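The values are calculated or read from the model by the stated rules, or taken from the named source; none is laboratory data. Remember, it's a predicted structure, so these values are computed and weren't measured experimentally. FYI the Cβ positions are ideal-geometry reconstructions off the backbone, even for glycines, and counts take in every protein chain you see.
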Amino acid sequence: MERKVVFSGVQPSGGLTIGNYIGAIKNWISLQDEYDCYYSIVDLHAITVPQVPKDLRKNTLEVLAVYLACGLEPEKSTIFIQSHVSAHAELTWVLNTISYMGQLSRMTQFKEKSRKSEENLNAGLFTYPVLMAADILLYQADLVPVGDDQKQHLELARDLAERFNNRYSYTFKVPEPLIKKEGARIMSLQDPESKMSKSDENENAYILILDKPDAIRRKVKRAVTDSIGEIKYNDQQLGVKNLLTIYSAFSGHSIEEIENKYEGVGYGKFKEDLAEIIIEGLRPIQEKFDDLMKNKDYLERVYKEGAERASYIANKTLRKVYRKVGFIQK
Ligand code: ATP
Ligand code: LTN
């Protein structure tokens, strides 16, 4: 029997946060043995907000090294840079022609990001989810492991697959999102009502996978809590709830175990322990990252081989699409 296909990606729009790790990458690792996995560094997506070219180059390579340091294995998964596979841009064009303006303008991420950059709103930000659909559909993915914030984009990808299939006969597998209940939405440490995001202007709002121990201690200490003073998982204490989720993700202990452990204990001690648990959890990843960054030849080999494998599959789907819409074969 053919193995099911998994596709996911992260934008190289800055350093990755523990939100990216807990919500996405951590879940990718365990899928590698059972599925045919494609993990991309989606640089085409990253330029929908302004990027400094030399930083984008640096971030792209660093995200690749972070993927590997977290445990993605090029022998098991296809790991590649999105812009290296031209089929992504090409399928996006075709899908644009069956995308409705109305549906795209209802995307929450578009509404939020366009609020931040009201002047010079670019068309790429508007069609961002169409590019994301192309990513997924090119590989005939069955499952897409993402954080909660991507649910609406996945719904659009499903709609586009079905619309294309109805109009031109069956072409695309209709993908399912894979969203873990725990850790699907890690919140900002400064505002527990909004999502932790690598592009937050306040660096105390997030912890980066590559943050140094001192920075982690400082950020956890400053994390917003409340005046209730109890370590309990509930919606009256959003800050504490978020810290408990992070604690659980890094320690492997259940929320209940952690609540019991800290009964009658103050926030100060809880935060100190949490910082150390995050530091220890990230230490092996950071060490592996440092080693990998010393070996640029290896990284280059990984992304080149990845692009070759990805292109082969992606072009197969693209050729089928071109034939169905009526383009003459070259
Ligand atoms: P940006 O801030 O640049 O928009 P981002 O931090 O939201 O980026 P993405 O590259 O857009 O990160 O997301 C990569 C993956 O990480 C997606 O699957 C997304 O759902 C997940 N993710 C991002 N932030 C969080 C979070 N705070 N909690 C859980 N998952 C998250
Ligand atoms: N839009 C996603 C990143 C992304 C992605 C994908 C995720 C681009 N293409 C395909 C899963 C599948 C985000 O997390 N902001």
- prompt: From the list GLU193, GLU182, GLU201, which one is under 16 Å from the mean Cα position of the chain (by Cα) and acidic (Asp, Glu)?
  reply: GLU182
message: Being assigned to a loop (DSSP other than H, G, I, E, B) and either closer than 21 Å to TYR38 by Cα or at pLDDT 95 or above (or both) narrows it down to one residue among GLN150, GLN190; which is it?
response: GLN190
field: Tally of residues being closer than 23 Å to SER251 by Cα and away from ligand 1 (no atom under 12 Å from the Cβ) across the range 34-72
entry: 5
- line: Checked pairs for the range 152-168, first more than 14 Å from THR127 (Cβ to Cβ) and aliphatic (A, V, I, L, M), second away from ligand 1 (no atom under 16 Å from the Cβ) and part of a helix (DSSP H, G or I), C-beta under 6 Å and 6 or more apart or across chains, list as ALA161/LEU137
- request: Give, as residue ranges, the helices (runs of 4 or more DSSP H) completely inside the range 1-105 that count at least 2 residues that are small (Gly, Ala, Ser), away from ligand 2 (no atom under 16 Å from the Cβ) and over 30 Å from GLY326 (Cα atoms).
  value: 53-70
- prompt: Taking LEU125 and the conditions (1) away from ligand 1 (no atom under 12 Å from the Cβ); (2) over 23 Å from ALA184 (Cα atoms); (3) surrounded by fewer than 22 Cβ atoms within 10 Å (Cβ to Cβ), which numbered condition does it fall short on, given that it satisfies the others?
  reply: (1)
query: What is the one condition in (1) over 28 Å from VAL265 (Cβ atoms); (2) without any contact (Cβ under 8 Å) to a residue 60 or more places away in the chain; (3) of a type in the set (Val, Ile, Thr) that ILE228 does not satisfy?
result: (1)
query: So LEU121 fits all but one of (1) closer than 18 Å to ILE47 by Cβ; (2) in a helix (DSSP H, G or I); (3) among the aliphatic types (A, V, I, L, M); what number is the exception?
result: (2)
- prompt: Can you name the condition, by its number, that VAL224 falls short on among (1) of a type in the set (A, V, I, L, M); (2) surrounded by fewer than 17 Cβ atoms within 10 Å (Cβ to Cβ); (3) within 18 Å of LEU244 (Cα to Cα)?
  reply: (2)
- prompt: Quick one: in the range 5-19, which of the residues that are modelled with pLDDT of 95 or more and over 13 Å from ASP211 (Cβ atoms) is farthest from ligand 1 (Cβ to nearest atom)?
  reply: VAL5
message: Quick check on LEU125: is it within 13 Å of ligand 2 (Cβ to nearest atom) and farther than 19 Å from PHE7 by Cα?
response: yes
query: of a type in the set (Asp, Glu), without any contact (Cβ under 8 Å) to a residue 60 or more places away in the chain and more than 19 Å from SER13 (Cβ to Cβ) - does that describe any residue in the range 194-210?
result: no
query: Are there any pairs with C-beta distances below 7 angstrom linking a residue in the range 251-266 that is exposed (fewer than 15 other Cβ atoms within 10 Å of the Cβ) to a residue that is in a helix (DSSP H, G or I), with the two at least 6 apart or on different chains, and if so which?
result: SER254/SER248
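From GLY268, GLY281, GLY239, GLY264, which residue is in a helix (DSSP H, G or I), of a type outside the set (D, E, K, R) and over 20 Å from ALA184 (Cα atoms)? First the steps, then the outcome.
On the way: GLY281 fails: over 20 Å from ALA184 (Cα atoms); GLY239 fails: over 20 Å from ALA184 (Cα atoms); GLY264 fails: in a helix (DSSP H, G or I).
The unique qualifying residue is GLY268.
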query: Of all residues in the range 11-21, which are touching a Ser or Thr at 6+ places or on another chain (Cβ under 8 Å) and β-branched (Val, Ile, Thr)?
result: THR17
message: Being more than 16 Å from the chain's Cα centre (by Cα) and within 14 Å of ligand 2 (Cβ to nearest atom): is that true of ASP142 here?
response: yes
- prompt: In this structure, is TYR233 in a helix (DSSP H, G or I) and on the phi < 0 side of the Ramachandran plot?
  reply: no
query: From the set of residues in the range 153-187 that are within 11 Å of ligand 1 (Cβ to nearest atom) and either acidic (Asp, Glu) or part of a helix (DSSP H, G or I) (or both), which is surrounded by the fewest Cβ atoms within 10 Å (Cβ to Cβ)?
result: GLU182
